[in-house]
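Quick notes on the structure that follows.
The values are calculated or read from the model by the stated rules, or taken from the named source; none is laboratory data. Because the structure is a prediction, the values reported are computed rather than measured. Here the Cβ positions follow ideal geometry from the backbone for every residue, glycine too, while neighbour counts run over all protein chains shown.
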Amino acid sequence: MKQPSLDLLRQLKQQLKQAKPPPKPQPAPPSDAELFQREVADVTPLPAPSKVAHDLPQPPPRALQHEQDEHEVMHDAMTDYWPWDELETGEELLYLRPGQRLDTLKKLRRGHWVVQAQLDLHGMNSDQARLAVGVFVHECRRQNRCCVRIIHGKGRGSFNKEPVLKNKLRNWLTQRDEVLAFCQARPVDGGAGAVIALLKGPAR
């Protein structure tokens, strides 16, 4: 063998010795299932059956027909046709149910009771207002709110600038058995544009 060939062979051997071994292949990362199994490896499984049944209370039944009937009663209980001569026809709303103490109105006009709820009839027509008043009075009595304010407005935006809802409201409230008394609100509570009513306590 010629000398150049031997030298070339020696160089190749030397290069092979100095060359780095190829990197070892990296293991694939664990799957989600493997990671989960590692985390729960020390967990003791529940005995069969492994599901726990919870006895959830059933919601109380709703008397839908009763609610509908009650809604219709509240709507129909107040009519616009009423013997006006039995009511005071003065400018100020004023009413005391027979059998109530005579000083009740005096206390009501002086703000003796705190107003606990309010209804605003602005923007409603007669039918909407009548229904709103019925629902409002019913809910206030159920929630034991005895002193309430109903804002009827002064009629400046109505036809002929007359307080239509004011007179109708006096009519409606007088027909409600829950209403013990009502009067025009004090200036600080709305004056001639609102009425303060005293209601019975909740039905037993």
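Residues that are loosely packed, with under 11 Cβ neighbours inside 10 Å, among the acidic types (D, E) and at pLDDT 80 or above: which helices (runs of 4 or more DSSP H) entirely in the range 17-126 hold 2 or more of them?
Numbers: elements: 32-39, 64-76, 103-109.
Because the criterion is at least 2 residues that are loosely packed, with under 11 Cβ neighbours inside 10 Å, among the acidic types (D, E) and at pLDDT 80 or above, the helices (runs of 4 or more DSSP H) in the range 17-126 that meet it are 32-39.
Contact map, the range 115-143: residues that are free of Cβ contacts under 8 Å to residues at least 24 places away in the same chain paired with residues that are of a type in the set (G, A, S), Cβ distance under 9 Å, separation 6+ or inter-chain. Pairs shown: F136/A117; E139/A117.
Taking R141 as meeting all but one of (1) over 20 Å from N167 (Cα atoms); (2) in contact with a Gly (Cβ under 9 Å, 6 or more places away or on another chain); (3) part of a loop (DSSP other than H, G, I, E, B), write down the number of the exception. Condition (3) is where R141 drops out. Across the range 147-163, the number of residues qualifying as on the phi < 0 side of the Ramachandran plot and at pLDDT below 80 comes to 6.
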